[in-house]
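**Q** What follows is a structure written as structure tokens; I'll ask about it next.
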Amino acid sequence: MAFASPSQHSSSSVSQGKKLLFPFILVTSLFFLWGFAYGLLDVLNKHFQEALNITKGRSTLLQAAYFGAYFLMALPAGMIMKKYGYKFGIIMGLLLYAAGAFLFYPSASMKSFEFFLVALFIIASGLTCLETAANPYITVLGPPSSSEFRLNLSQSFNGVGSFIGPIIGGQLFFSTTNGADNGDLSNVMSVYLIIGTVVLAIAFLFFKTYLPEIRSEENKSVKTTDSQPLFGYAHFKWAVVAQFFYVAAQVCVGALFINYVTEYWKGMNNKDAANLLSIGLLLFTLGRFTGTALMKKIRPAVLLSVYAIVNIVLCGIVVLFPGTAAVFALMLVFFFMSIMFPTIFALGVKDVGDHTKEASSFIIMSIVGGALVPPLMGMISNTSTALSFVVPLVCFIVVLYFGWKGHRIRKTA
């Protein structure tokens, strides 16, 4: 029996690494794409209020369309990829993303908010396919020993996209000299036409690029004999609830951030507020790295609870003391939200055995909170924008309970 020499193994590893580098870059670009799309969303919210003359409450339907698509498309996207493969799912997601982006042109021409909602729903449907596929692809594009490093590296570009989105949106959508909104939607057309073109180009690259197919690892010898049904795990059920309210809080904070800044910080215009939103999202990105480092010393559930308490206090300041100082408190909320989604997710699927994949699907679907709760905040904001931030405050209370008690692994009858 012949064995390869160490030099042969080394040469093979280098060759394989070079072969997978371009696919890795392509898949990582997906993280940036959906981060950028989300970063533009909150700027569009304020822009449409003035350009299309709609209320704050109605403008939050943008968030409802965006996150509603995630809820409705998550299971179909998974079924399609199971049947046709992840590469097919990625290309389909990119084509949907591009189609929705191109629909912004007729939407802007007609100045139809309803048409914008349809276009955004199609974009988010594409993003659902991309998010469903990207994480598992990154983990197989290289040696298993470095899979966590690759995934964290790719996820950092999601934060970069979220940070850049508001900067570009603020500069182009609020393009008048004083940062006000003159009702012109031409720049919205231009931005989304460029986005659609870039996304189509990336879809073509995926079509032409080799990607290793992901197969389910079915090892019957490691199957658990635990017959406990998934919903018999109390910590999983609480994770679904906590994730619903966390995503709701995140979307609520971003949706009316620009409104809050322009109303309570004298002299601030839309463009300035969009720049502050970008700084908040930069804090969010930095918070992910900081939180990861802190988890080496502090248990994740404890850190989650501490961060939730801090955000409850910060939201209290935003509600009770509207003004310049409260704007800085609101920006800090982004930093302390940073670890919540992945921490809730990880704690929720812990020790559920054979139900892990199913549990993951339900927790991902719980992001529908980002569609259902913001309209409530929008209605309250028609009376007082400051008072409306009591909604994310309540959401963080639910997250606190999960970090304090709800995450504990126990089975119910």
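The values are calculated or read from the model by the stated rules, or taken from the named source; none is laboratory data. Worth saying up front: this structure is predicted, and the values here are computed from it rather than measured. Virtual Cβ from ideal backbone geometry, glycine too; neighbours counted across all protein chains shown.
**Q** Give all pairs with beta carbons closer than 8 Å in which a residue from the range 114-142 that is farther than 30 Å from residue 55 by Cβ and in the same structural domain as residue 77 (by TED's automatic domain parsing) meets a residue that is surrounded by fewer than 23 Cβ atoms within 10 Å (Cβ to Cβ) and at pLDDT 90 or above; count only pairs at least 6 apart in sequence or on separate chains.
**A** Every condition considered, the pairs that remain are 129/92.
**Q** Still on this structure, please answer the following. Just to be sure before I move on: is residue 1 surrounded by fewer than 17 Cβ atoms within 10 Å (Cβ to Cβ), at pLDDT below 85 and not basic (Lys, Arg) in the structure I sent? Don't jump to the end; show me each part of the working.
**A** On the way: surrounded by fewer than 17 Cβ atoms within 10 Å (Cβ to Cβ): yes; at pLDDT below 85: yes; not basic (Lys, Arg): yes.
Here the answer is yes, as residue 1 does meet what is asked.
**Q** Given the structure, is residue 256 closer than 16 Å to residue 158 by Cα, surrounded by 24 or more Cβ atoms within 10 Å (Cβ to Cβ) and at pLDDT below 95?
**A** Values: closer than 16 Å to residue 158 by Cα: no; surrounded by 24 or more Cβ atoms within 10 Å (Cβ to Cβ): yes; at pLDDT below 95: yes.
No.
**Q** Quickly run through the range 392-413 and pick out the residues that are surrounded by fewer than 24 Cβ atoms within 10 Å (Cβ to Cβ), out of contact with any Gly (no Cβ under 7 Å at 6 or more places or on another chain) and not in a loop (DSSP other than H, G, I, E, B).
**A** Result: 394, 397, 398, 400, 401, 404, 405, 406.
**Q** Please state which one of 149, 116, 163 is at pLDDT 85 or above and either in a helix (DSSP H, G or I) or crowded, with 20+ Cβ neighbours inside 10 Å (or both).
**A** Working: 149 fails: at pLDDT 85 or above; 163 fails: at pLDDT 85 or above.
Unique residue meeting the criteria: 116.
**Q** Could we say that residue 198 is part of a helix (DSSP H, G or I), modelled with pLDDT of 80 or more, of a type in the set (A, V, I, L, M) and crowded, with 18+ Cβ neighbours inside 10 Å here?
**A** It is false that residue 198 is part of a helix (DSSP H, G or I), modelled with pLDDT of 80 or more, of a type in the set (A, V, I, L, M) and crowded, with 18+ Cβ neighbours inside 10 Å.
**Q** Continuing with this model, one more query. Which residue, of 344, 317, is in contact with a helix residue (DSSP H, G or I) (Cβ under 6 Å, 6 or more places away or on another chain), touching a residue at least 60 places away in the same chain (Cβ under 8 Å) and within 27 Å of residue 380 (Cβ to Cβ)?
**A** Numbers: 317 fails: touching a residue at least 60 places away in the same chain (Cβ under 8 Å).
Sole residue among the options that is in contact with a helix residue (DSSP H, G or I) (Cβ under 6 Å, 6 or more places away or on another chain), touching a residue at least 60 places away in the same chain (Cβ under 8 Å) and within 27 Å of residue 380 (Cβ to Cβ): 344.
**Q** So, one more: As an exercise: evaluate residue 339 against (1) over 15 Å from the mean Cα position of the chain (by Cα); (2) surrounded by 20 or more Cβ atoms within 10 Å (Cβ to Cβ) and give the number of the one condition it does not meet.
**A** Going through the list (1) over 15 Å from the mean Cα position of the chain (by Cα); (2) surrounded by 20 or more Cβ atoms within 10 Å (Cβ to Cβ), residue 339 breaks only (1).
**Q** Mind checking which residues of the range 24-37 are buried (at least 20 other Cβ atoms within 10 Å of the Cβ) and either under 18 Å from residue 113 (Cα atoms) or aliphatic (A, V, I, L, M) (or both)?
**A** 27, 30, 33, 37
**Q** Quick check on my filter: what residues within the range 34-59 are under 19 Å from residue 125 (Cα atoms) and aromatic (Phe, Trp, Tyr)?
**A** 34, 36, 38
**Q** Given the condition among the β-branched types (Val, Ile, Thr) and modelled with pLDDT under 80, answer yes or no: does some residue in the range 31-43 qualify? Give the derivation first.
**A** Taking the range 31-43 first, the residues among the β-branched types (Val, Ile, Thr) are 43.
Subsequent filtering for residues that are modelled with pLDDT under 80 retains none.
The answer is no, given that none of the residues of the range 31-43 is among the β-branched types (Val, Ile, Thr) and modelled with pLDDT under 80.
**Q** Taking the stated definitions as given, is residue 374 within 30 Å of residue 76 (Cβ to Cβ) and surrounded by fewer than 19 Cβ atoms within 10 Å (Cβ to Cβ)?
**A** On the way: within 30 Å of residue 76 (Cβ to Cβ): yes; surrounded by fewer than 19 Cβ atoms within 10 Å (Cβ to Cβ): no.
Judged against the criteria, residue 374 is not a match.
**Q** May I ask you to list the residues in the range 306-322 that are buried (at least 21 other Cβ atoms within 10 Å of the Cβ) and not hydrophobic (A, V, I, L, M, F, W, C)?
**A** 307, 311
**Q** Among the listed residues 89, 68, which satisfies the condition of being at pLDDT 85 or above and under 15 Å from the mean Cα position of the chain (by Cα)?
**A** Values: 89 fails: under 15 Å from the mean Cα position of the chain (by Cα).
Going through 89, 68 in turn, just one is at pLDDT 85 or above and under 15 Å from the mean Cα position of the chain (by Cα): 68.
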